[in-house]
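Read through the structure below, which is laid out as structure tokens, and then see the notes.
Taken together, the values in this text are just the output of simple stated rules run on the coordinates, not laboratory data. Model, not experiment: these values are computed from the prediction. Don't worry about glycine lacking a Cβ; one is built from the backbone with ideal geometry, like all the others, and counts go over all protein chains shown.
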Amino acid sequence: MIAPRSVVFTALAISVGALAACQPADESENQTLDEGAATTAESGSGSSVVEYIARDYAFVGPTEIASGWVTMRMVNEGQEHHFVFLTLLPEGKTIEDYAADVGMAFGGAWEALQSGAVDKAGAGAMIGEALPEWYASAAPMGGPGLVAPGKTAQATMRLTPGNYVMECYVKTADGEFHTMLGMALPLTVTAEDSGGRPPRADVDITLFENTMAIEGTPEAGRQTMAVNFDEHPEFGLGNDVHVVRLEEGADLDEVVEWMDWMNIDGLRAPSPAAFVGGVHEMPSGYTAFFTVDLEPGRYAWIAESGAARGMVEEFTVE
Ligand SMILES: [Cu+2]
């Protein structure tokens, strides 16, 4: 049984049918990674690595950064899981417009879901109706994935200049989106190039039409994954990849259920397992990277609402 299309989108990731129209003209450059350069994310100029601290509930860090390859590192000093979801706003739109128009659309649907007034399909339809037309020209631009308290998430993206919103829409135990409690920060990406280079990847992941193709086996220690976004969704956005550690007795089905914010307990504290990082979705044709520290044990690659559609795969680190 295939869920109605309106159900399957991640929060703040709906109705971006015109995504192709807002991709940068030099998008093809992005696909040519410099395989010969034995660089790491850290070896570019200082400005290519930007650090944020996530607290319950705020991001602390720069609100203006250089463009090009940028490594965003987020130290989670809070008591709950956090992430950064980056949205490139259309010209002339601000974080205030985003909060008022987009935040309200999701907030309203979430209230209706919680009260039982609508099911997930109904909530999806509500969001579709409430979102402003301009949101179709916004673009998801990655950002470090879910990470447990005390851990650091790191993702590397190629960012074009413009006005962005950084946000975390994990929910508190009371069911409030962190976004609404202060985890939304305006970010200006300037025309100045960061001088950063894409890192070399240990594992290559390609997302295509709700599938996850994984090449390579992660080893213990620091590992970098390349994520190729090859999806061409007709409506809505593509998927993302997060890494969750499965301690003895962890129930992967429970984690899958948790990944969908439209579930009452979805993305809501406490999380059923500890995440170690990942990267959020980008437009089709982009490649992003994320770096994680892996200890021997059982893990899974998992997408957000895509998890329920089978975008989840266990792996073991020896
Ligand atoms: Cu958060």
Seminar exercise, completed: Per the Kirkwood formula over distinct C-alpha pairs, the hydrodynamic radius of the range 198-318 in angstrom is 14.5 Å
Problem set entry | Low-density loop cleavage sites - GluC sites (Glu not before Pro) in the range 195-299, where at most 10 other Cβ are within 10 Å (DSSP) | Glu209, Glu234, Glu247, Glu248
Seminar exercise, completed: The simple spin-label model distance between Ile214 and Leu181, using points 7 Å out along Cα→Cβ, in nm, is 3.1 nm
Exercise. Which ³J(HN,Hα) values, rounded to whole Hz and listed in residue order, are derived for the range 266-282 from phi using the Karplus coefficients 6.51, -1.76 and 1.60 in 6.51 cos²θ - 1.76 cosθ + 1.60 with θ = phi - 60°, glycine and proline given as x?
Worked result: x, 6, 10, 5, x, 7, x, 7, 8, 8, 10, x, x, 8, 7, 5, 10
Seminar exercise, completed: Expected unfolding gain across Thr63-Val118 under the 0.36 nm per residue rule, minus the alpha-carbon gap, is 16.1 nm
Seminar exercise, completed: Counting only residues 5 or more apart in sequence or on a different chain, those whose built amide H sits under 5 Å from that of Ala66 are Thr190
For this session: Determine the gain in length on full extension of the stretch Val317-Thr188; use 0.36 nm per residue of separation and subtract their C-alpha separation, reporting nm with one decimal.
Result: 42.6 nm
Exercise. Quick one: if the Förster radius is 25 Å, what FRET efficiency do Asp174 and Glu248 give, using the C-beta to C-beta distance and rounding to 0.05?
Worked result: 0.25
Exercise. Quick one: Debye curve from the C-alpha atoms of the range 5-317, no solvent, what's log10 I(q)/I(0) at q = 0.11 Å⁻¹?
Worked result: -0.60
For this session: Name the long-range amide H neighbours of Asp202: under 5 Å, sequence gap of 5 or more, or other chain; modelled H, no Pro or chain starts.
Result: Thr224, Met225, Ala226
For this session: Distance between Cα centroids, the range 214-286 to the range 128-164: provide it in whole Å.
Result: 14 Å
